[in-house]
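What follows is a set of notes on a single structure, which appears directly below.
The values are calculated or read from the model by the stated rules, or taken from the named source; none is laboratory data. In this text the structure is predicted, and so the values were computed from the model without any measurement. All Cβ positions, even for glycine, are placed from backbone atoms using ideal geometry, and neighbour counts span all protein chains on display. Remember, those area values only see protein heavy atoms, side chains included, never the ligands or the DNA or RNA. Shrake-Rupley method; radii C 1.70, N 1.55, O 1.52, S 1.80 Å.
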Amino acid sequence: MVRQRNAKYKTMLNLIFFGPPGVGKGTQAAKVAKHYNLVHISTGDILRAEIKLETELGLKVKDIIASGELVPDELLIEILESTCDKHNGANGFIFDGFPRTLRQAEALDEMMDRRSWKVTKVISLEVPEDELLSRLVNRALEQGRTDDTADVIRNRLVVYLKHTEPLIDYYRKQDIFIEVPGMGTIEDVFASLCGVIDNRY
Ligand code: AMP
């Protein structure tokens, strides 16, 4: 049994893309998912799609997202679990924007454990704060996201520092936390990410 579980662990590549808003997680997660044939789960994209469709969930989270606060853990945990269930035979997953709180990180570990899966690596993209702010402002202009106004951007960074940054310790203790420079072109960062992923064992 133990051997089987280990064998299963090795065959899957489950990555968490970690870092503050604007660091480039979404762009890189999409590229890496395509390259390694992984399922890309962006909780922000899932929630925005619900808002667009005006579902019950969408209506519930709309104001929270527009203010830059976090959607309640239980909702996110449910969304994540049902999304993973839809992709049971996957090679692996990239979690982009999840977990954002300790409660979510623990729930993800429990969920993985129940399936004999595990998180392979937590990859943190590192970008200086002034660059982050200018990227977020540009994204507001290009994509018209309602949560990319100056006040909300500031709040999202505050929320990140308070609730999400402490997860660094949680994953450092598991010895799976890796920092990758997020500056340079999209292709430069992608190449660094592939280097880290290919040396994963
Ligand atoms: P993102 O596109 O990942 O920056 O997410 C946009 C917004 O969706 C966040 O500012 C939160 O309001 C909400 N959101 C996305 N993922 C989560 C999560 N894991 N936990 C709580 N709220 C989330």
inquiry  = I need the Kirkwood Rh of the stretch 1-113: take the reciprocal of the average 1/r across all distinct C-alpha pairs and report it in angstrom.
reply    = 15.1
query = Looking at the stretch 102-166, which GluC sites (Glu not before Pro) are DSSP coil and have at most 16 other C-beta atoms within 10 Å of their C-beta?
reply = none
key: Accessible area per residue, Å², the chain with all protein chains present, probe 1.4 Å   = 54
note = Rounded to whole angstroms and listed largest first, the alpha-carbon spread of the chain along its three principal axes comes to 52, 40, 29
key: Sparsely packed trypsin sites (Lys or Arg not before Pro) within the stretch 18-102, loop by DSSP, other Cβ within 10 Å at most 14   = K86
Filter on K31/K86; K25/K86; K34/K162; K25/K162; K34/K60 - keep pairs with C-alpha separation over 26 Å = K34/K162; K34/K60
task = Please list, in chain and number order, the residues 5+ apart from E179 or on another chain whose amide H is under 5 Å from its amide H, with Hs placed from the backbone.
result = S124
note = Per-residue accessible area, 1.4 Å probe, largest first, puts H40, H35 in the order H35, H40
key: Alpha-carbon centroid distance for the pair the stretch 168-201 / the stretch 132-157, whole angstrom   = 24
Cα principal axis extents for the stretch 57-117, largest first, Å = 36, 22, 16
query = What does the convex hull of the Cα atoms of the stretch 122-198 come to per residue, in Å³, rounded to a whole number?
reply = 101
key: Label-to-label distance, nm, for residues given as R114 and K52 (7 Å Cα→Cβ offset)   = 2.9
Inter-probe distance in nm under a simple model that places probes 7 Å from Cα toward Cβ, at D45 and E74 = 2.9
Principal axis dimensions, the stretch 72-175 - Cα atoms, whole angstrom, descending = 42, 30, 25
task = Excluding residues fewer than 8 places away in the same chain, name every one of the lysines whose C-alpha is closer than 19 Å to that of K62.
result = K52
